[in-house]
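Undergrad: Have a look at the structure that comes next, please.
No lab work stands behind these numbers, since they all come straight from the coordinates. Computed from a prediction, not measured in an experiment: that's the story for all the values here. Note: ideal-geometry Cβ built from the backbone for every residue, glycine included; neighbour counts use all protein chains shown.
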Amino acid sequence: MQDQPGCRPPSPAHRVHTRHVEERQTAVGRDHASAEAPETDPNQLIARFLSGRSQTTARAYAADLEDLARFHQTSVEDAVRLLLLGPEIARRLVLGYAVELRRRGLAPTTARRRLAALRALLGTARELGAVAWELVPPTEREVEVAMAEMAERERSSYLFPRHPGEADRLDLQHHALREALGRNYLAPISSPARVLDVGTGTGQWGFEVCWEHPEALVVGFDLVPGKPDPPPGYRHVRGNLLQGLPFRDGTFDFVHQRFLVSGIPVEAWPRVVAELVRVTRSEGWVELAEPMVRAQNLGPATTRLQHMLLEMAGSLGLDTTNAVHTSLDGYLDAAGLEDVNRREFVLPVGEWGGRVGSFLASDLRAAANRLCEMLQVRSLLPAKETSDLIRRFHQEFEEYRPTWNIAIVFGRKPD
């Protein structure tokens with residue numbers, strides 16, 4: 001296998017435990033901090049919010065809160081409690097509600113009034129010292145974009161739909177794996193002319209490959225757009241992998257895909273890998289990277305969160321038994337590739353694991369917050385339990401020292 005110029009060879013996970021990396025001040029961190037603040041009784045807040053208003057206005061505001069609760073299939077009390085969990089969670093919940101109002105065909109003035117009622121409610125919470133932030137309602141453009149992305153997601157099986165904090169989380173995954181490997185890929189490619197990154201997420205992997213190979217055209221393929229301001233050699237194509245790739249046979253010298261175990265149903269994997277091979281030219285390479293869906297050395301809070309996550313994954317037909325991780329090289333063999341190689345890396349989760357551990361801890365904190373939010377919206381996890389569960393989950397990183405096993409496989413398409 002050829003080493004890339006300027007890149008050091010892969011090293012075991014324990015050798016990259018170099019130093020503590022300062023946590024990003026992400027939406028997850030802000031939301032977690034607010035969740036640990038003294039809890040406000042939602043009923044007292046609602047009573048204060050409605051008091052002193054005219055009977056007509058109070059009745060209209062009460063109806064608005066009841067409509068929000070119906071949308072989230074929960075009580076008014078729990079709907080308000082969800083809004084108090086933090087600024088980013090509140091903004092995502094309100095954005096989802098705004099999309100629902102648009103889908104119903106409500107008049108724009110009615111939709112704006114209902115969103116204004118939620119902003120006013122949180123304004124009262126701020127006056128009472130329950131929160132220290134202000135809700136900024138979504139713009140018309142944000143609602144339109146969210147509606148388009150929702151339409152795409154409804155045609156996919158992705159476990160973690162895009163939201164304002166998802167880009168940060170995906171970049172943390174990228175930086176963790178890049179730090180552990182010392183490079184962006186393991187396949188022995190040297191000067192590719194065309195590269196495809198399937199499930200590109202934010203596009204960060206593709207951006208970096210553009211910088212490594214400025215002569216190459218790098219295409220990122222995903223359901224939704226990535227980050228703005230890509231390098232000159234980067235192009236983004238939107239589409240759903242489960243519906244096939246919109247490229248001719250033999251287009252790319254290198255096809256890369258990773259971390260799609262949370263988006264591709266188990267039964268679809270052989271077909272998906274065959275599609276990746278189809279668009280790869282003869283003598284080109286395909287590389288896959290996927291984690292075990294069950295991490296190791298977990299504490300009780302982390303085990304509970306993992307169990308809830310796997311239940312949701314199973315309902316979407318996604319892997320819950322590490323079948324994909326185990327079968328990656330078999331998928332490449334079955335698709336007709338040769339020189340198939342498999343490497344496994346055991347990565348640390350927590351500050352004890354240096355830079356890699358810090359990156360992954362931040363990634364999993366974000367995923368846990370997102371999971372709890374989705375469970376609350378579905379009334380599957382009482383809001384009162386969230387703060388304690390997340391707090392214990394964070395503490396367990398250093399106490400139990402969990403690890404995450406990642407498999408990377410690559411193979412060559414024969415002539």
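Undergrad: Kirkwood Rh, Cα Rg: Rg to Rh for the range 195-312?
TA: Ratio of gyration radius to Kirkwood radius for the range 195-312: 1.04.
Undergrad: Count the net charge of all other residues whose Cβ sits under 12 Å from the Cβ of Leu310, scoring Lys and Arg as +1 and Asp and Glu as -1.
TA: Summing Lys and Arg as +1 and Asp and Glu as -1 gives 0.
Undergrad: Let me ask something else about it. Which GluC sites (Glu not before Pro) from the range 173-252 combine a DSSP loop assignment with at most 14 other Cβ atoms within 10 Å?
TA: Glu215
Undergrad: Another question, then. Could you list which residues have their amide H under 5 Å from that of His236, counting only those 5 or more apart in sequence or on another chain, with H placed in the peptide plane?
TA: So His236 has HN proximity to Gly220.
Undergrad: Another question, then. Per-residue HN-Hα couplings for the range 138-147, Karplus 6.51 cos²θ - 1.76 cosθ + 1.60 at θ = phi - 60°, whole Hz, x for Gly and Pro?
TA: Each residue of the range 138-147 in turn: x, 7, 4, 5, 4, 5, 4, 5, 4, 5 Hz.
Undergrad: Tabulate in residue order the Karplus-calculated ³J(HN,Hα) for the range 319-332, using 6.51 cos²θ - 1.76 cosθ + 1.60 with θ = phi - 60°, rounded to whole Hz; enter x for Gly and Pro.
TA: 5, 10, 10, 6, 5, 5, 4, 5, 9, 3, 5, x, 4, 5
Undergrad: Can you pull the Rg over Rh of the range 65-104, Cα-only, Kirkwood?
TA: Ratio of gyration radius to Kirkwood radius for the range 65-104: 0.96.
Undergrad: Once the principal axes of the Cα atoms of the range 92-131 are found, what is the range along each, listed largest first in whole angstroms?
TA: Projected onto the principal axes, the Cα atoms of the range 92-131 cover 36, 19, 7 Å.
Undergrad: Here is a further query. Rounded if a/c is under 1.5, else prolate if a/b beats b/c, else oblate: with a ≥ b ≥ c from the C-alpha gyration tensor eigenvalues square-rooted, which is the range 48-88?
TA: In terms of gyration-tensor shape, oblate.
Undergrad: While we're on this one: Would you grab the residues whose amide H sits under 5 Å from the one on Phe252? Only those 5+ places off in sequence or on another chain, please, with H modelled 1.01 Å from N.
TA: Long-range HN contacts for Phe252: Thr280, Arg281.
Undergrad: Taking 37 °C and 0.692 mPa s as the conditions, I'd like the Stokes-Einstein D for the range 58-146 in µm²/s, using the Kirkwood hydrodynamic radius from alpha carbon pairs.
TA: Estimated diffusion coefficient is 250 µm²/s.
Undergrad: Same structure, new question: Determine the gain in length on full extension of the stretch Leu106-Glu208; use 0.36 nm per residue of separation and subtract their C-alpha separation, reporting nm with one decimal.
TA: Between Leu106 and Glu208, full extension yields an extra 32.3 nm.
Undergrad: Once you have the Kirkwood Rh of the range 269-415 from its Cα pairs, apply Stokes-Einstein at 4 °C and 1.567 mPa s and quote D in µm²/s.
TA: Calculated translational D: 76 µm²/s.
Undergrad: Relative contact order of the range 184-340: what whole-number percent is it, with Cα pairs under 8 angstrom and at least 6 residues apart?
TA: After rounding, I find 21 percent.
Undergrad: Sticking with this one: Which whole-Hz couplings ³J(HN,Hα) result when phi for each residue of the range 391-400 is put into the Karplus expression 6.51 cos²θ - 1.76 cosθ + 1.60, θ = phi - 60°, listed in order with x for Gly and Pro?
TA: 4, 5, 4, 5, 5, 6, 4, 7, 6, 9
Undergrad: Arrange the peptides 227-233, 90-96, 264-270 so that the one whose residues have, on average, the most other Cβ atoms within 10 Å appears first.
TA: 90-96, 264-270, 227-233
Undergrad: Enumerate the amide H contacts of Leu347 below 5 Å, restricted to partners 5 or more residues apart or on another chain; note that Pro and chain-start residues carry no placed amide H.
TA: It is Trp404, Asn405, Ile406, by chain and number.
Undergrad: Debye sum, Cα scatterers, the range 276-332, no solvent: what log₁₀ I/I(0) at q = 0.13, 0.21, 0.29 1/Å?
TA: -0.47, -0.86, -1.17
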